[in-house]
Every structure is written in structure tokens, then in C-alpha cells.
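For reference, the structure discussed in these notes is given below.
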Amino acid sequence: MTELSAPMKAQAMDMHGHSPGMVLRSLIIGLTAFLTVVDLFATQAILPSLTRHYNVTPAAMGFAVNASTMGMAVAGLVVGFLSPHIDRRLGILLSLVLLAIPTTLLASAPDLTTFTVLRVLQGLCMASAFALTLAYLGEQCSSMDAGGAFAAYITGNVASNLIGRLVSAAVVDTLGLASNFYFFAMLNLAGAVLVYFSISRVKPMHAMPTTQSPFAATVAHWQNPSLRAAFAIGFCILFAFIGTFTFVNFVLVRPPLSLGRMELGFVYFVFAPSVVTTLFAGKAVARLGTRPVIWAALAVAAVGLPLMLSSHLPHVLTGMVLVGIGTFFAQASATGFVGQAASGNRGIASGTYLACYFLGGMVGSAALGQLFDRFGWATCVAGVGASLTIATWLTVQLKLPTTEERRQ
């Protein structure tokens, strides 16, 4: 998020046209995303351990762990609504500091209800930081490099899925469940420190005068068919992602795969390819267009689904890799589209998108959890496939406004 002066940018350009300053900015953006949402999915790697600890069903524990998406959906709407009046830097900083509180309290949650409430509070803090950062990027980046900035942010999100789960499994295996949450609380505070030093180098954001009220802007966004479709696509993407990567954990620890706790953590190296591929989402959209890129990404994810029904671990892991690559690439592309399709009040548009995205995760954990408990893994995977199919159909409606339409 650091910025270079124009002369420094010119001097720093290398033979490929990339400046060290741009690389540093992308690194900081990605690291901020990593530290913002690292708590979101890290606990999925220890779902079997949590299920035994609270003595509940996979569906109940899956819903409790993913209850953070409920808080994120609410915070996405509220922050988006109030976005024009929130100082970006201060809002992000406070959100990450406050996030450390429920994260710490999870270490001593006495029952599943308390655990669920604390996860909701985590979601409120994570989404506040997430939505404000997306709005910040949309305002600070030019239209030419916005795609790269959003891709860097989503890539940090992808990395949090990989490293967060791996670290969580390792900490629990070595030090126990409570130590896991203390460790992640420290990561939250590290995120706040990074934001304090990185965003402070940019001129502070101030509320920008708007001709529309937040309510009118929200209504206007929902009346835009392209934005409405993008919001629904976000819902479907996390619905599919949650359904896949929450309940596959229980498949992996049961016969015939029968993985141990630490082995389950190492499984999440399946996200490593996504860390690389997601970085190219912005370039792919610039060259091919949003719709072809999202269609291709969803197709890649769909190819991975039948592989996860196999009883052979290499097939299952390959399927997980493909679903990860496809869903994250589609998410990065859809996020960038919202920033470009919203002619004004981008903070509200980004907040609305995130609310729909995380609402999809909450609904996915509840609905697909019931399918998993009642009918098994194959039916759960079929539900994921249905979500991807709907997202594919919705992508037809994505269309950026013309210059003349933006002026109106």
C-alpha cells in the first residue's frame, strides 16, 4: 500500500516494466489480506479435533466454525453502508486490534454456543477490515492497476487458507487446542502493526462528499443487473468453497483414507498452486474479459468435484487443487469486476458483494452440512456442483458500463 513518487517510479522500472515499488506494494497488500482473514479457515484443519472436543456432529461443528461468515456478511453490509464516512486507515487498524479479543477467548470457550458467538464476533472484525481494505484499494489504485491490486489481495487470502490451516494443525498437534487460538491472536495484532506502518505512508483517507445517500446508493447497485449478478456469483462461490473444504476434512480422516491430524494439515498444500495462479487473474481479465475468465475458472473447479469422490488420496488431492484454483480465480475476477462496474460509492458496492459472498458461506455450511450428515459426501459434492452451475449461468449477465453510461 506504499506509494512511490513519480520520479522514483520512473527510476525504479526494470526491463520488464515492473517497478520494485509495485512489487513491494503487492507484497504488502497480500500480507495484509493474509493477516486479516487467516482466522477464517484455519480452524477447518482441526475440525475433527474440535468435533471430538465438543462431542457434536460434523454438521454442528462445521456450522459453528463457519459462523464467522455470518458476522462477515453483517459487517460487510454495515461497513459498506457507512463506508463514505469511515476513515479507512483507522477502521482497518481498529478492526484488526479488536479481532484479537474473540480469537483469544476461543481458547477457553466452554461450549459450542459460546464458540459460535465468538466466531461471529471474529467475522464482524475480519469483514470490517476486509471491506475497508477493498474500498481503499478501489480508491487508491488507477483503473489500470486495480486488477493487479485486487488479485494480490485475494492471493493473500489464498495464502491464508494454506498457511493458516497448516500452522493450525501443527500448533494443535504440538501444543493443544488453546495454544492455537493464542497464536492466531498474535497474528491479528501483527496485522494491525503492518497496517499502522504501511497505510500511514499514504495520505489519510477522508470521507468523500457524495450526492447519494448510502441507502440510495445501495438500491442503485441492486438495480444494476450486472452488479446484482456479481453479488449472486459471490454467494455461489463461497457456498461451493465452504461445502468442499469444510466437509472433505471428515472424509480425509475416515477410512479408507484415515489421515492423522498433522497429515490433514499437510493436505492443505493443495492451495499452493492457487497462490500462484490467482496472481494472474487481473491480467487474464484484462486480456480475455471477465465472463470468459470466470467461466473457465468455474469449469476448472467443476472438473475437480468427481475426483474428490475417489477412495484414492492422489485423486482427492487433485480434485481439491482444481476446486481451489477455480474458486479463487473466479473470486478474484468477480471482486475486480464489482470495483469496475460500480460507477460510484465503490465502498458500498464492495461491502454488498462481501455480504453476499459470506452469506453464501454461511448458507453453504448449514445446507451442505445437513446433506453431508443425512446423505453422505457424494450428495454434498452434488450440492457444490449445483452452486457452480448457477454461478456459470449468472456470469452471462456481467457487463461493464460504457463511458457514456458512467456519465449518466
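The values are calculated or read from the model by the stated rules, or taken from the named source; none is laboratory data. Worth saying up front: this structure is predicted, and the values here are computed from it rather than measured. All Cβ positions, glycine included, derive from the backbone under ideal geometry; neighbour counts span all protein chains shown.
For the stretch 362-376, residues that are over 24 Å from the mean Cα position of the chain (by Cα), under 12 Å from PHE250 (Cα atoms) and part of a helix (DSSP H, G or I) total 1.
Filtering VAL303, VAL323 for residues that are at pLDDT 95 or above, part of a helix (DSSP H, G or I), β-branched (Val, Ile, Thr) and surrounded by fewer than 19 Cβ atoms within 10 Å (Cβ to Cβ) leaves a single hit, VAL303.
Yes/no per residue for (1) at pLDDT 90 or above; (2) surrounded by 17 or more Cβ atoms within 10 Å (Cβ to Cβ); (3) not aliphatic (A, V, I, L, M):
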| residue | (1), (2), (3) |
| --- | --- |
| ALA334 | yes, yes, no |
| ILE348 | no, yes, no |
| LEU354 | no, yes, no |
| ALA378 | yes, no, no |
| THR395 | yes, yes, yes |
| LEU398 | yes, yes, no |
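Just one of the listed residues (ILE237, ILE233) is surrounded by 22 or more Cβ atoms within 10 Å (Cβ to Cβ), over 23 Å from LEU317 (Cα atoms) and in contact (Cβ under 8 Å) with a residue 60 or more places away in the chain, and it is ILE233. Cβ-Cβ contacts under 8 Å between residues 6 or more apart (or on different chains), taken from a first residue in the stretch 158-187 that is on the phi > 0 side of the Ramachandran plot to a second residue that is part of a helix (DSSP H, G or I) and not aliphatic (A, V, I, L, M), are absent. GLY289 meets the conditions (1) surrounded by 22 or more Cβ atoms within 10 Å (Cβ to Cβ); (2) on the phi > 0 side of the Ramachandran plot in every case but one. The failed one is (1). Where helices (runs of 4 or more DSSP H) sit wholly within the stretch 1-71, those with at least 3 residues that are modelled with pLDDT of 80 or more and not β-branched (Val, Ile, Thr) occupy 20-42, 47-54, 58-65.
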